[in-house]
Every structure is written in structure tokens, then in C-alpha cells.
Amino acid sequence: MKILVVDDEQDICEILQYNLEIEGYDVDTANSAEEAMLLPLHQYSLMLLDVMMGDISGFEMAKKVKEKPETADIPIIFITALDSEDDIVNGLNLGADDYIPKPLSMKQVKARVAAVLRRAARVPSESAQESSSGSLSCFNFETLCLDIESKEVTLDGQPVQLTKLEFELLSLFLQNINKVFSREELLSRCWPQDVYVLDRTVDVNITRLRKKIGQYGKHIKTRVGYGYSFCN
């Protein structure tokens, strides 16, 4: 698997490259977002981005990456000295899969890289496997359509770009219209067990999902004190 490390500190790039290559990854480095954007980004399985860099920050680069269909699904891990909750939530809002604070622990970096890559490459969910044996694979709500087998979502016939996590959440909701799920249930059913999750992660991902499904976002209701449900 190919990993791209982007950090304006050459020493950090070299340390990360060395340690990740020991784990068997093919690692490229760039010392600025501008330099990184010139690379064939669609070829990478994961990006590790520093936040505080030159003219284009890691947050800005992540936004550009997520806006392009050919790179939108590439997992991103932010590596930065910024560690306030607002900074972390900002990164998650941009579609980041994890957030590692500096100073870096190589043991932690390796574990989180492995966890994110496992999540990105994990086999189809149990519901998708069931669909191949004869049960429903498509779930529709008016003009919002989700196909479990093809992992595609369309809105008014147009494709909707969702992350794997957003797809899992929407799939769970559409298969359980009007059912209320607590945050704990959503975490246990949609998030892999070995991924570090903040308390506000569910809320952040629900907010992103609401925006992406347009007029149907209002159907994802917040049940204060209970959780979330998709209501008809």
C-alpha cells in the first residue's frame, strides 16, 4: 500500500517514512501541500497530513482532496501539535479518519495507520453479505436510494459521494426507519472497534451526512437524551 506523508519538517517526514517502510508500506513524502498536490494523489491508499504548513494548510489540502471524486475516498490522518477539541472537530468535519497529536509516538502512529487502512479495506458488512444470499440489497426513501452490494447512493438519480462511515450510518438508518439509535449503538454498529473515537465523533458525522443527502437530511432527527433516528 502507498502512503503519502506531507509535513514541512523534513525530519518528521524521514522518521515517518523510515518507520512505516519497516512495516511494509510504500511511502512518499512532500514538504508542503503545494508539492503534494503535484503528485498523482489517486494512487495513494492513505495520506498523513500536517496541519500547520506554509501557504496551504493541511486542512485546506484535505478539503481539496475530498472535493475531487478520484481522491474523495482516500483516508486522511492529521498529524499536528494542535490538540484542542475544536481543532479535532474541524479536522473530522473535513473528512479526516483520525488525528494524531505531536510529539509523535511511532507505536501509536503505526497502530492508527494500520487501523485506518483496515477500516478502508474491510470486507463488505454483514448486511451486504446477506443480500448476496437473497435478501434486499437496495433501500429507498423517496428519491434517495442506497445499494448495499454496489456501495452506491443516489439522490434524484445523481450519485452522492459518501465516506465508508457515512454509508454505514445511512444504511443502518434506511433499514430501520423511525428506530432511535443511541450514540453508543451507532458507535458499536458503524465504527470499527480498534479506532479511537471522540465523544463528538457521532455528531460530526451525522452533520456531514445530513448535508450530503440534501433535502433528506432533515429526516435524520436528533432525539435529545436518546440519540438519532431517520423518520419518514
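The values are calculated or read from the model by the stated rules, or taken from the named source; none is laboratory data. Please read these numbers as outputs of a predicted model, since none were measured by experiment. Cβ atoms come from the backbone with ideal geometry, glycine included; neighbour counts cover every protein chain shown. Ligands, DNA and RNA are excluded from the accessible area calculation, which covers all protein heavy atoms including side chains. Shrake-Rupley method; radii C 1.70, N 1.55, O 1.52, S 1.80 Å.
A few comments on the model shown:
- Of 100, 22, 56, all but one fail to be surrounded by fewer than 13 Cβ atoms within 10 Å (Cβ to Cβ), more than 21 Å from residue 212 (Cα to Cα) and at pLDDT below 95; the exception is 22.
- If only residues of the range 119-144 that are out of contact with any Asp or Glu (no Cβ under 6 Å at 6 or more places or on another chain), modelled with pLDDT of 50 or more and open to solvent by 40 Å² or more (accessible area, probe 1.4 Å) are counted, the one that is farthest from residue 75 (Cα to Cα) is 142.
- Breaking point among (1) at pLDDT below 95; (2) within 23 Å of the chain's Cα centre (by Cα); (3) charged (D, E, K, R), for residue 28: (1)
- Inter-residue pairs, beta-carbon under 6 Å, first in contact (Cβ under 8 Å) with a residue 60 or more places away in the chain and in the range 37-51, second of a type in the set (A, V, I, L, M) and open to solvent by 40 Å² or more (accessible area, probe 1.4 Å), 6+ apart: 45/1
- Annotation: residue 150 fulfils all but one of (1) at pLDDT 80 or above; (2) within 15 Å of the chain's Cα centre (by Cα); the unmet one is (2).
- For first residues located in the range 145-172 and without any contact (Cβ under 8 Å) to a residue 60 or more places away in the chain, partners that are exposed (fewer than 14 other Cβ atoms within 10 Å of the Cβ) and part of a loop (DSSP other than H, G, I, E, B) and lie 6+ apart or on another chain with Cβ distances below 7 Å form the pairs 156/143.
- Checking residue 95 against (1) assigned to a helix (DSSP H, G or I); (2) touching a Lys or Arg at 6+ places or on another chain (Cβ under 9 Å); (3) under 25 Å from residue 209 (Cα atoms), the condition it does not meet: (1)
- For the range 76-87, the criterion of a residue being in a loop (DSSP other than H, G, I, E, B), touching a residue at least 24 places away in the same chain (Cβ under 8 Å), buried (at least 21 other Cβ atoms within 10 Å of the Cβ) and in contact with a Lys or Arg (Cβ under 9 Å, 6 or more places away or on another chain) is satisfied by no position.
- Residues of the range 1-36 satisfying the condition of being part of a strand (DSSP E or B) and touching a residue at least 40 places away in the same chain (Cβ under 8 Å): 2, 3, 4, 5, 6
- The single condition among (1) among the hydrophobic types (A, V, I, L, M, F, W, C); (2) in contact with a Gly (Cβ under 7 Å, 6 or more places away or on another chain); (3) open to solvent by 50 Å² or more (accessible area, probe 1.4 Å) that residue 62 does not meet is (3).
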